[in-house]
Amino acid sequence: MKQKKIKHAVFHWYSGPDDLLDEILSMGYFISATPALVYSPSHQEAIKRAPLDRILLETDTPVSYQGREARPKDVHVSLAEVARLKRLEPYRVALQTMVNASQSFPISFHRNKIPC
């Protein structure tokens, strides 16, 4: 990663080793939280370990999680699981992950128009 001088990266559904996660985070990269948090202990541990300002929410659509097909609207599952694991209010997780997304992608939002 360092050798390629990559400025922005998102590590999708991260569930790997802690030492690699530490390297990813130290470089300012993001990891994503998916609905797999409901059942994946290794994904849960990565999300617990990562600071909230390095997490993005996603659904990994189209994919099936335990026989149920995920849809974009299911991002609320990812949000609820991150809030549960980090013992935070969902609104705080939603706000911070929206800020994170705006740092990674060309999007903008207005804090007073957040539908939470």
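Within the stretch 63-80, residues that are touching a residue at least 40 places away in the same chain (Cβ under 8 Å) have Cβ atoms under 8 Å from residues that are open to solvent by 70 Å² or more (accessible area, probe 1.4 Å) and not basic (Lys, Arg) in these pairs: 77/38, counting only partners at least 6 apart in sequence or on another chain. Each residue in the stretch 58-100 was checked for being aromatic (Phe, Trp, Tyr) and in contact with a helix residue (DSSP H, G or I) (Cβ under 7 Å, 6 or more places away or on another chain), and 1 of them qualify. Residue check: residue 36 meets all listed conditions (1) of a type in the set (Gly, Ala, Ser); (2) farther than 19 Å from residue 98 by Cα; (3) assigned to a loop (DSSP other than H, G, I, E, B) but one, namely (3).
Listed by first and then second residue, the pairs with beta-carbon distance under 6 Å, at least 6 apart or on different chains, first residue in the stretch 33-58 and within 14 Å of residue 80 (Cβ to Cβ) and of a type in the set (Phe, Trp, Tyr), second surrounded by 15 or more Cβ atoms within 10 Å (Cβ to Cβ) and modelled with pLDDT of 95 or more, form an empty list. Is it true that some residue in the stretch 75-89 is modelled with pLDDT of 95 or more and on the phi > 0 side of the Ramachandran plot? Yes. Restricting attention to the stretch 20-50, report how many residues are at pLDDT 95 or above, more than 17 Å from residue 8 (Cα to Cα) and open to solvent by 60 Å² or more (accessible area, probe 1.4 Å). Selection size over the stretch 20-50: 4. When you go through (1) of a type outside the set (Asp, Glu); (2) part of a helix (DSSP H, G or I); (3) open to solvent by less than 70 Å² (accessible area, probe 1.4 Å) one by one for residue 61, which number turns out not to apply? Every listed condition holds for residue 61 apart from (2).
The values are calculated or read from the model by the stated rules, or taken from the named source; none is laboratory data. Since the structure is predicted, the reported quantities are computational estimates derived from the model, not experimental observations. We place every Cβ from the backbone using ideal geometry, glycine too, and count neighbours over all the protein chains shown. Areas reflect the complete protein model, heavy atoms only, side chains present, ligands, DNA and RNA absent. Shrake-Rupley method; radii C 1.70, N 1.55, O 1.52, S 1.80 Å.
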